[in-house]
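Down below is the structure, laid out as structure tokens.
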Amino acid sequence: MIQITNTDIKNNGGLLSALHFKCSNYLSNILRQISLTGIEKYLRHHIVHTDPHLDEYFAELLFHSALPNQISRVEFLEESLYSATNDFGAKLLWPNSIVFGIGSTVSYGVQPLLLFDEHLVGKGKTLPSCSEVVLDYLESEGKLTIPKSIKTVLKEVSIIDEFGNAHPQHLGNLIKTLHNVRFLFNKGATQKDDVRDFLSHSWKRTIINIGMTSVIYALENNIDIVGDPSSKKEALKNSLDHYVKNTPHKTHPRFEEARQTISSNYGNQNGVFNDAVLKGAGGKVLQDSFGNSIPQLLLLSRICFSSYYTWGEDITNLLMMHFWEVEFQKQINFLSVKEELEKVLLNKNNADIRTSVGVIRVQILPQIEIQKSIQNYQTKQQRIIKLRKPLIVLNLVPRGDVFNAHSPALNYLNSNNDGCGIIFLEDPFLGTKTLFRANNFPNDKWAKLINLIKSIEPNCWYDPSTDPTRPAPFINNGNKAHQYVQRSGLDLHSLCELIKNIIK
């Protein structure tokens, strides 16, 4: 077990700082310090993009753990960039920083001390992930032999960063919601008096590092985190019971419904373990040298189970309180948006309504032909049927405390209109926009729509797909990290006119 004492807490300026130090220190003990060839006297910051992915977190933890002790306590910052060529923040910070996962498509006219990014301008993608770039540096420059435990976790991080397919209960997906949740820091007399805020950059990093370090500790000490799903379920239940007992949300009218949904989602760890395997291009299941599928180790249940062995009950409860808070707020948010959508769409009419979760606009376009896969419950065989369904276009402009509004919207379209629809999500605060396709909106029409939009606004929209003939199920116009992206003029009316041209 990794011990943490009152002296550790005092010397590091608080519990969270002490926990971060212990994570890095543990990995440092199974690595070896590297020489930075003179740049250590300039190093002040580690920088990642705003709302980093699991890959950037792991890359930073790995590199941080290899630093000499006297320079290991560098400031951790998330950065948004406001210019593609002349960003003031980059000019100010980067000369004294190591930068992780930024710099794939733009040049800022300034060089950091070290830049770790799998994408290089003019060369494309050189390695599967930012973590792989750090590993390559440590093995070549530091002459380190990375232990199997770290390489195992790194391989999972890299595969998921490159190909996706992380299970919904995987840390990589939990992080995406963690960034959007305003945690309740003080319960007021009424809901309006509650004090809420996002977690700080270093706070998020510490929570995530605790989880990743727990899994590495378990691998180092031969603790079985792969088998016996019932023991992992029991660990989750204990931590969830602790959260339910102590959470200030118990009086929320949707709390019990959210609790039942979460208990159900996390209660079947047998099914989760069967589904949560690493997959490559096209969703192909990857296999080890023995021909077995490779389990995803950074599942919440495996992290929780590992944490009891790594940190003990108190720190595990602290860790899991954060993740359960994320899950409860996600469910409560989902139920709230779903309820408002059901009211607005009850009569399947065009609408433009201000609701408790923000503005919801609806346009019902003519019927189109879609294909839907259904299963024969007796033979378990899938077959494709053709249907004609009205095309529903939903435009959502959520309130500031509402997040991931596209999730309940897609759920509604997939459940109530056989997946024939498009979501147009607008962030009124950042000015960004995202388009999503529901499950059964035809791929060929979606590709035509995306190509048409990008031809009209070539500098606005980003499609994460690497295959131009098969765009991703979403495209976005800007994000929190890259604020310099030209804003789109697309609105619901112009979107519907473009769609009509595609489907006629």
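The values are calculated or read from the model by the stated rules, or taken from the named source; none is laboratory data. None of the values given here were measured: they were computed from a predicted structure. FYI the Cβ positions are ideal-geometry reconstructions off the backbone, even for glycines, and counts take in every protein chain you see.
Residue under question is VAL397, and the condition is that it be out of contact with any Lys or Arg (no Cβ under 7 Å at 6 or more places or on another chain), within 14 Å of GLU340 (Cα to Cα) and either crowded, with 20+ Cβ neighbours inside 10 Å or among the β-branched types (Val, Ile, Thr) (or both); does it hold? Walk me through how you get there before you give the answer.
Details: out of contact with any Lys or Arg (no Cβ under 7 Å at 6 or more places or on another chain): yes; within 14 Å of GLU340 (Cα to Cα): yes; either crowded, with 20+ Cβ neighbours inside 10 Å or among the β-branched types (Val, Ile, Thr) (or both): yes.
Yes; evaluated as a whole, the condition is true for this residue.
Quickly run through the range 130-146 and pick out the residues that are polar (S, T, N, Q), surrounded by fewer than 18 Cβ atoms within 10 Å (Cβ to Cβ) and in a helix (DSSP H, G or I).
Answer for the range 130-146, where residues must be polar (S, T, N, Q), surrounded by fewer than 18 Cβ atoms within 10 Å (Cβ to Cβ) and in a helix (DSSP H, G or I): just SER140.
May I ask you to say which residue of SER80, SER65, SER17 is in contact with a Leu (Cβ under 9 Å, 6 or more places away or on another chain) and modelled with pLDDT of 90 or more?
Every option except SER65 fails the conditions.
What tally of residues in the range 419-434 results from selecting those that are within 12 Å of PRO473 (Cβ to Cβ) and assigned to a loop (DSSP other than H, G, I, E, B)?
Adding up the residues that qualify gives 1.
Regarding ASN440, is this residue assigned to a loop (DSSP other than H, G, I, E, B), surrounded by 14 or more Cβ atoms within 10 Å (Cβ to Cβ), in contact (Cβ under 8 Å) with a residue 40 or more places away in the chain and within 23 Å of the chain's Cα centre (by Cα)?
Criteria not met by ASN440.
With respect to ILE370, is the statement that it is outside any loop (DSSP other than H, G, I, E, B), β-branched (Val, Ile, Thr), over 18 Å from HIS493 (Cα atoms) and without any contact (Cβ under 8 Å) to a residue 40 or more places away in the chain true?
For ILE370, the condition - outside any loop (DSSP other than H, G, I, E, B), β-branched (Val, Ile, Thr), over 18 Å from HIS493 (Cα atoms) and without any contact (Cβ under 8 Å) to a residue 40 or more places away in the chain - is not met.
Looking for whichever is among the acidic types (Asp, Glu) and modelled with pLDDT of 95 or more here; the options are ASP197, ASP224. Which one fits?
Details: ASP197 fails: modelled with pLDDT of 95 or more.
Residue meeting the stated conditions: ASP224.
Look through the range 219-237, keep the residues that are among the acidic types (Asp, Glu) and not in a helix (DSSP H, G or I), and return whichever of them is nearest to VAL337 (Cα to Cα).
Residues of the range 219-237 among the acidic types (Asp, Glu): 220, 224, 228, 234.
Those still in the list that are not in a helix (DSSP H, G or I) too: 224, 228.
Details: ASP224: 40, ASP228: 37 Å.
Checked the range 219-237; the qualifying residue nearest to VAL337 (Cα to Cα) is ASP228.
Every residue in the range 81-103 that is within 21 Å of ILE207 (Cβ to Cβ) and assigned to a loop (DSSP other than H, G, I, E, B), please.
Here is the first cut: in the range 81-103, the residues within 21 Å of ILE207 (Cβ to Cβ) are 100-101.
Hit for the range 81-103 is GLY101, nothing else.
For the range 290-349, name all the residues that are under 22 Å from LEU278 (Cα atoms) and not in a loop (DSSP other than H, G, I, E, B). Spell out how you get there, then give the answer.
Going residue by residue through the range 290-349, those that are under 22 Å from LEU278 (Cα atoms) are 290-306.
Answer for the range 290-349, where residues must be under 22 Å from LEU278 (Cα atoms) and not in a loop (DSSP other than H, G, I, E, B): SER293, PRO295, LEU299, LEU300, SER301, ARG302, ILE303, CYS304, PHE305, SER306.
Quick check: is even one residue across the range 313-323 more than 30 Å from ILE4 (Cα to Cα), touching a helix residue (DSSP H, G or I) at 6+ places or on another chain (Cβ under 7 Å) and surrounded by 18 or more Cβ atoms within 10 Å (Cβ to Cβ)?
no
Go through GLY172, GLY188 for me and flag whichever is of a type in the set (Gly, Ala, Ser), assigned by TED's automatic domain parsing to the domain that holds TRP324, on the phi < 0 side of the Ramachandran plot and at pLDDT 80 or above.
Only one candidate passes the filter, namely GLY172.
Please name all residue pairs, on different chains or six or more residues apart, with Cβ atoms under 9 Å, provided the first residue is in the range 87-102 and is of a type in the set (Lys, Arg) and the second residue is part of a loop (DSSP other than H, G, I, E, B).
Note: pairs meeting the criteria are LYS91/TYR108; LYS91/GLY109; LYS91/VAL110.
Tally up the residues in the range 443-463 that are part of a helix (DSSP H, G or I), closer than 21 Å to TYR484 by Cα and of a type in the set (D, E, K, R), please. Before you say what the answer is, go through the steps one by one.
If we filter the range 443-463 for residues that are part of a helix (DSSP H, G or I), which is where we start, we get 443-456.
Cutting the leftovers down to closer than 21 Å to TYR484 by Cα gives us 453-456.
With of a type in the set (D, E, K, R) added as a condition, the list becomes 454.
Final tally of qualifying residues: 1.
Could you please let me know if LEU77 is closer than 15 Å to HIS201 by Cα and in contact with a helix residue (DSSP H, G or I) (Cβ under 8 Å, 6 or more places away or on another chain)?
Details: closer than 15 Å to HIS201 by Cα: yes; in contact with a helix residue (DSSP H, G or I) (Cβ under 8 Å, 6 or more places away or on another chain): yes.
Judged against the criteria, LEU77 is a match.
Testing HIS249 on (1) in contact with a Leu (Cβ under 8 Å, 6 or more places away or on another chain); (2) modelled with pLDDT of 95 or more; (3) not charged (D, E, K, R), one condition comes back false. Which one is that?
Condition (2) is where HIS249 drops out.
Scan the range 238-259 residue by residue and report those that are assigned to a helix (DSSP H, G or I), without any contact (Cβ under 8 Å) to a residue 60 or more places away in the chain and out of contact with any helix residue (DSSP H, G or I) (no Cβ under 8 Å at 6 or more places or on another chain).
ASN238, ASP241, LYS245, THR251, GLU256, listed by residue number.
What residue, of LEU413, LEU396, is assigned to a helix (DSSP H, G or I) and either farther than 20 Å from LYS504 by Cβ or of a type in the set (Lys, Arg) (or both)? Even if it seems obvious, please write down each step before you answer.
Working: LEU396 fails: assigned to a helix (DSSP H, G or I).
On inspection, the qualifying residue turns out to be LEU413.
Any residue at all in the range 73-82 that is crowded, with 19+ Cβ neighbours inside 10 Å and on the phi > 0 side of the Ramachandran plot?
No, the range 73-82 contains no residue that is crowded, with 19+ Cβ neighbours inside 10 Å and on the phi > 0 side of the Ramachandran plot.
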